[in-house]
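The values are calculated or read from the model by the stated rules, or taken from the named source; none is laboratory data. Since we're looking at a predicted model, the values are computed, not measured. Every residue, glycine as well, gets a Cβ built from its backbone with ideal geometry; the counts of neighbours run over all protein chains shown.
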Amino acid sequence: MSALAENEPLLRVDQLRVAVGGGALEAVHGVSFDVHKGQTIGLVGESGSGKTLTCRAVLGVLAPGCVVTGGSIRFAGKDLVGAGRRELADIRSRHIGAVFQDPASYLNPSLTIGRQLSEVLRVKGGLARKAARIRAAELLELVGMRRIERVLGQYPHQLSGGMLQRALLAIAVSCDPELLIADEATTALDVTVQAEVIDLLRTLRAELGLSIVFVSHDLAVISELCDRIAVFYAGQVVEAGEAGQVLAAPRHRYTQALLDAADTGTWDRRRLTVIPGQPPALDTPWTGCAFADRCASSAADCHSDGIPWRTAGGHGFQCQHPVPVREAS
Amino acid sequence: MVVIEQSAPLDVGVAVSPRRRSLRLLRSLGRGLAVAVPVLFIATFITYGLGALSKFSPANAVLGDTATKADITRMNHQYGLDRPFIVQYFSWVGRAVRGDFGTSWFTHIPVTQSIEQRLPVSLSVAVGALIIAVVLGTLVGIAAALNNGGWFDRAVTFVCSLLSTVPGFVAAIVLITVFAVSLPILPSGGYVGPSVNIGQWLKFLILPCLSLSLDSAADLARQLRNGLVGTLRENYVTGAVVRGYSTRRVVFVHALRNGAGPALAVLGLHVPRLIGGAVITETVFALPGLGQLAKDSALRGDVPVVQATLLVTIGLVLVSSLLVNIGLRRLRPGTGRAE
Amino acid sequence: MNTFRRSWQLRSAKISIAILLVVVVLVVFGHLLAPMNPLQQHDGQILKGPSSRFWLGTDYLGRDVLSRLLAGSALSVLSALEAVGIAFGLGVFPGLASVYLGRSFEWVSQRVMDGLMALPFIIFAIAVAALLGNGLHQAMFAVGILMAPGFFRITRAAAWSFNQAQYVEAAQLLGASPWRVIRTHIWNKVLPTVAITTANHIAGALLVVSSLTFLGIGVVPPTPTWGGMLASDLSYLAQQRWAPIFPALVIMLTVGALNALADAIRDSAGDSVRQTTGRRRLGRVQNVGAR
């Protein structure tokens, strides 16, 4: 892979559009974000907001009936949308790794962990059988697995969710990728295991210099790990910026609502905030801001198209009546 | 490559050691036998009981309707048929285990000898059909699954459904009409042993094997297609694609292993059909096989021969299903444990 | 019961039922509908093709093929029903009982069924028919016995899965007798499964009957049967290549309609039924007859 030019992002998703239902219904409406080398970006949003579709489009494994209808995905300067099958397979295997929600289902149930791990190393890493075996053990060690010899000979159904996610991570980083896509990778895990996996991601990032696209609907998890955040709503990025900035001083009303709903700092059963209503369905078109119908601060001009994307110092949002900036105290 | 600092090389006792694997194989073999023994007992009991219930006796066989009561009693005593049923049964089983099935009531030829003569014919047809069924079924099934929803897939589904609605011999009739009558390139029936002329042997076997295999091939293709379509949707297949594997590797290493279960189970059901169902194929193509022997002997009332052919068939059925079960367990270790 | 009502709505079910109704008419009135005496040999009309007089032509003895086909339907179909009836009785009730009557009955019945499954269909049917008096009834009894495991297993699996359901547990806790639980809670749920199995097995039995009559088992020659007609057609294939089409088509339509009906019921049934009977086209007892 060619060396990256100065300031060129490792991954640039630009105006990506994805349609489902055989291309009939657009579900991702022009999503853009950059991931620079060594950076971790968090994609946050409700389920169905297009985070996973975006990830799958980047990986080139959209489900049948889903198609990229517009925009581009450039990885280290190479366009992935137009790439040939073989080229794509090469990039996927050597430069991008991926882990998902429900790790058990992403491992072949009838092959041992050792077999699946050494398969990657032999097929994609070009190692000989013996070398692959030793390397597999090293990788499991890297992801913090205990009793490695035992695990290598075990089948997925014999391992716990946390261990499976570690094994998947080992496979994902086995060929030393530059980018790791973690799609809800911690969602289905116990809270303690979740923390361990996040720790592990931090370690891997530090040791391997990984860039990470971290998808979650959990703001707390995102805030722990990510440098930047892109907030998804109804298939669009509605706000993006430095993690600290977005979380501390959100501008988009949806981000604010999301933070309120997730605010466990002053957790009180009686005041548990929920966002009323639901995001617009895929088959009902809307104009202007998709969040307007659920927004307490919406006005008439929220329903007309052409709401600009405003930026201020790397923090961008698309809201007609943004949350006022609090004066720094 | 990731560089990990390591003080000492890890001792990697990868996977299950060969010893443990063979132990597991032995255990599943043992479990299979534990089921097979009572099954064999019941099946043979029914088989022998059938002969005992029949109105045929060796005296009838030799003397026909002129046999007197005294003749029948004498001959029955000679053949040990006047002993209590249960004694007869166990002595029959005891002799059968040693390969002695008695002699025919009609020809007085040892039954073992007749079976040894006929078995190669039946096995040639059955094995030939099995090979065709597996090759054809696997190729068509995989192609249909990869073409999921396309015209080839739909054509395969249609042909398979069609084949399941016709009796096996109809396919045989169609094949004869086409290859032996319309464009006479293959014989419509008959048999030559492989030791006599191996080319002729193959020529005589093509149509019987093909007609016997069609039904199994269709079923196999359909099961494999359904199984594969299901597994190709699984996340671990997506996972394998994400790892950058070739389509061939994804299908053959990852999808097939998990999607072939039902197909293999169906194959287990079909192997006995290929052995037992050969009666009709043998009749249509005039092959001197085990099925013909069973049919002719049954119609004559040659009880020992019928019992022996049934017993041999049952044995073959049990052995084949045992093998398939072991295969299934090895293919999908998870299922064995779930029991 | 909703399962059945839903399945009647499907087009495939309607077509299948229409075909099966025609078959029923043929079975009941076939001999009356036959335009000629199926046994009468017409002089100088041997192996003739279809004509205005003989719609489907004549066979090697100059008999009217259409009349033989119509007259032969009763024996073919009723024999299949006879076998399935026996299989039903010997399979469904032990199947239900094996879930409720304790482990020893369960073990014994399982082993007996396994034993039956190891017996080869056609050879066994031939042996029974020949050794116990050459009759189709004997052969069908044999076929019925060998088909019983199919009913046994499927009923057992269905009853077992429903027996685990919480409402059944609740009924048991309320003190309902096992018999009452079976009648009110299990039976209705098991019925679609049993119906699917029955349809598939009638289809399978028809194929077995065809095979047996094709071999000449259990029927005395002049009696017309679908399988028997195919056998005589085979001998005269050189003269009449198209002749096997008619009996084969009748068998195909009947078997196809039964299988399609089973699929329709399966498609309209709930997940649990689909699990016990297999996915569509997965659990079908295909060509049971060939075993």
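Of everything in segment B:242-261 that's basic (K, R) and facing another protein chain (nearest Cβ under 8 Å), which residue is nearest to C:L116 (Cα to Cα)?
Ranking the candidates gives B:R257 first.
Report every pair of residues separated by at least 6 positions or lying on different chains whose Cβ atoms are under 6 Å apart, first residue within segment A:42-66 and on the phi < 0 side of the Ramachandran plot, second among the polar types (S, T, N, Q) and not in a loop (DSSP other than H, G, I, E, B).
Correct list of pairs: A:V61/B:T238.
Within segment A:87-97, does at least one residue satisfy the condition of being facing chain B (nearest Cβ under 7 Å) and not in a helix (DSSP H, G or I)?
Checked against the condition, which is being facing chain B (nearest Cβ under 7 Å) and not in a helix (DSSP H, G or I), segment A:87-97 yields no hits at all.
Does at least one position in segment C:184-196 carry a residue that is part of a helix (DSSP H, G or I), within 15 Å of the chain's Cα centre (by Cα) and among the small types (G, A, S)?
So far as segment C:184-196 goes, yes, one or more of its residues are part of a helix (DSSP H, G or I), within 15 Å of the chain's Cα centre (by Cα) and among the small types (G, A, S).
Only residues that are among the hydrophobic types (A, V, I, L, M, F, W, C) and buried (at least 17 other Cβ atoms within 10 Å of the Cβ): list them for segment B:124-142, please.
B:V125, B:A126, B:A129, B:L130, B:I132, B:A133, B:V134, B:L136, B:V140, B:I142
Within segment A:264-283, restricting attention to residues that are more than 26 Å from the chain's Cα centre (by Cα) and surrounded by fewer than 10 Cβ atoms within 10 Å (Cβ to Cβ), which residue is modelled with the highest pLDDT?
Going through the qualifying residues, I end up with A:R271.
This table checks each residue for (1) modelled with pLDDT under 85; (2) within 14 Å of chain A (Cβ to nearest Cβ).
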{"residue": "B:A217", "(1), (2)": "no, no"}
{"residue": "B:R225", "(1), (2)": "no, no"}
{"residue": "B:A240", "(1), (2)": "no, yes"}
{"residue": "B:A263", "(1), (2)": "yes, no"}
{"residue": "B:V271", "(1), (2)": "yes, no"}
{"residue": "B:P288", "(1), (2)": "no, no"}
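Name the pairs whose Cβ atoms lie under 6 Å apart, with the first residue in segment B:42-53 and free of Cβ contacts under 8 Å to residues at least 40 places away in the same chain, the second in a helix (DSSP H, G or I), and 6 or more positions between them or separate chains?
Short answer, once both residue conditions are applied: B:I42/C:V112; B:I42/C:G115; B:A52/B:F85.
With farther than 26 Å from A:A188 by Cα and either more than 8 Å from chain B (Cβ to nearest Cβ) or assigned to a helix (DSSP H, G or I) (or both) as the only criterion, which of A:L121, A:L164, A:L117, A:L168 stands out?
A:L121
Suppose we keep only residues that are over 28 Å from the mean Cα position of the chain (by Cα) and outside any helix (DSSP H, G or I) within segment A:124-151. Which one would you say is farthest from A:C175 (Cα to Cα)?
So the residue we want is A:R147.
Those residues that are more than 10 Å from every other protein chain (Cβ to nearest Cβ) and part of a loop (DSSP other than H, G, I, E, B), I need them from segment B:161-183; list them, please.
B:L183
For the list (1) surrounded by fewer than 24 Cβ atoms within 10 Å (Cβ to Cβ); (2) under 23 Å from C:V27 (Cα atoms); (3) of a type in the set (A, V, I, L, M, F, W, C); (4) away from chain B (no Cβ under 14 Å), I need the number of the one condition that C:F141 fails.
C:F141 satisfies all of (1) surrounded by fewer than 24 Cβ atoms within 10 Å (Cβ to Cβ); (2) under 23 Å from C:V27 (Cα atoms); (3) of a type in the set (A, V, I, L, M, F, W, C); (4) away from chain B (no Cβ under 14 Å) except (4).
So which residues in segment B:245-265 are more than 17 Å from B:V229 (Cα to Cα) and surrounded by 22 or more Cβ atoms within 10 Å (Cβ to Cβ), if there are any at all?
Scanning segment B:245-265 gives a single hit, B:Y245.
How many residues are within 14 Å of chain B (Cβ to nearest Cβ) and closer than 28 Å to C:G133 by Cβ when one looks only at segment C:168-224?
21
Any chance segment B:272-293 includes a residue that's without any contact (Cβ under 8 Å) to a residue 12 or more places away in the chain and either part of a helix (DSSP H, G or I) or not small (G, A, S) (or both)?
No, segment B:272-293 contains no residue that is without any contact (Cβ under 8 Å) to a residue 12 or more places away in the chain and either part of a helix (DSSP H, G or I) or not small (G, A, S) (or both).
When you scan segment A:16-41, how many residues do you find that are among the β-branched types (V, I, T) and at positive phi?
The qualifying residues number 0.
Show the residue pairs meeting these rules: Cβ distance below 7 Å; 6+ apart or different chains; first residue within segment A:189-212 and more than 14 Å from chain B (Cβ to nearest Cβ) and without any contact (Cβ under 8 Å) to a residue 60 or more places away in the chain; second residue surrounded by fewer than 13 Cβ atoms within 10 Å (Cβ to Cβ) and of a type outside the set (A, V, I, L, M, F, W, C).
none
I'd like the residue in segment A:98-114 that is surrounded by 24 or more Cβ atoms within 10 Å (Cβ to Cβ) and more than 8 Å from chain B (Cβ to nearest Cβ) and, out of all such residues, is modelled with the lowest pLDDT.
A:P103
Within segment B:184-215, how many residues are assigned to a helix (DSSP H, G or I) and either within 14 Å of chain A (Cβ to nearest Cβ) or farther than 28 Å from B:F252 by Cβ (or both)?
Summing the residues that are assigned to a helix (DSSP H, G or I) and either within 14 Å of chain A (Cβ to nearest Cβ) or farther than 28 Å from B:F252 by Cβ (or both) in segment B:184-215 gives 12.
All but one of (1) in a helix (DSSP H, G or I); (2) buried (at least 24 other Cβ atoms within 10 Å of the Cβ); (3) within 14 Å of chain B (Cβ to nearest Cβ) hold for C:V108, so report the exception by its number.
(2)
Among the candidates C:G144, C:G133, C:G115, C:G150, single out the residue that is part of a loop (DSSP other than H, G, I, E, B) and of a type in the set (G, A, S).
On inspection, the qualifying residue turns out to be C:G133.
Being buried (at least 22 other Cβ atoms within 10 Å of the Cβ), of a type in the set (S, T, Y) and either more than 10 Å from the chain's Cα centre (by Cα) or modelled with pLDDT under 85 (or both) is the filter here, so list the residues in segment A:35-81 that pass it.
Selection gives A:S49 alone.
Take the residues of segment C:241-263 that are under 12 Å from B:T177 (Cβ atoms) and surrounded by fewer than 22 Cβ atoms within 10 Å (Cβ to Cβ): which is modelled with the lowest pLDDT?
C:R241
What tally of residues in segment A:18-34 results from selecting those that are under 15 Å from the mean Cα position of the chain (by Cα) and either surrounded by fewer than 22 Cβ atoms within 10 Å (Cβ to Cβ) or over 23 Å from A:Y254 (Cα atoms) (or both)?
Counting residues in segment A:18-34 that are under 15 Å from the mean Cα position of the chain (by Cα) and either surrounded by fewer than 22 Cβ atoms within 10 Å (Cβ to Cβ) or over 23 Å from A:Y254 (Cα atoms) (or both) gives 3.
Kindly indicate whether C:A159 is farther than 16 Å from C:G115 by Cβ, crowded, with 24+ Cβ neighbours inside 10 Å and out of contact with any Cys (no Cβ under 7 Å at 6 or more places or on another chain).
Yes: the conditions hold for C:A159.
Looking at (1) more than 14 Å from every other protein chain (Cβ to nearest Cβ); (2) at pLDDT below 75, which one does B:A61 not meet, given that it meets all the others?
(1)
Determine if segment C:52-65 includes at least one residue that is in contact with a Gly (Cβ under 6 Å, 6 or more places away or on another chain) and in a loop (DSSP other than H, G, I, E, B).
Yes, because at least one residue in segment C:52-65 is in contact with a Gly (Cβ under 6 Å, 6 or more places away or on another chain) and in a loop (DSSP other than H, G, I, E, B).
Are any residues in segment B:290-299 surrounded by fewer than 22 Cβ atoms within 10 Å (Cβ to Cβ) and facing another protein chain (nearest Cβ under 7 Å), and if so, which ones?
The one that is surrounded by fewer than 22 Cβ atoms within 10 Å (Cβ to Cβ) and facing another protein chain (nearest Cβ under 7 Å): B:L299.
Given the condition within 14 Å of another protein chain (Cβ to nearest Cβ), closer than 30 Å to B:Q292 by Cβ and assigned to a loop (DSSP other than H, G, I, E, B), answer yes or no: does some residue in segment B:144-160 qualify?
Checking segment B:144-160: not a single residue is within 14 Å of another protein chain (Cβ to nearest Cβ), closer than 30 Å to B:Q292 by Cβ and assigned to a loop (DSSP other than H, G, I, E, B).
Does B:I280 satisfy being of a type in the set (A, V, I, L, M) and either within 7 Å of another protein chain (Cβ to nearest Cβ) or closer than 21 Å to B:A96 by Cα (or both)?
yes
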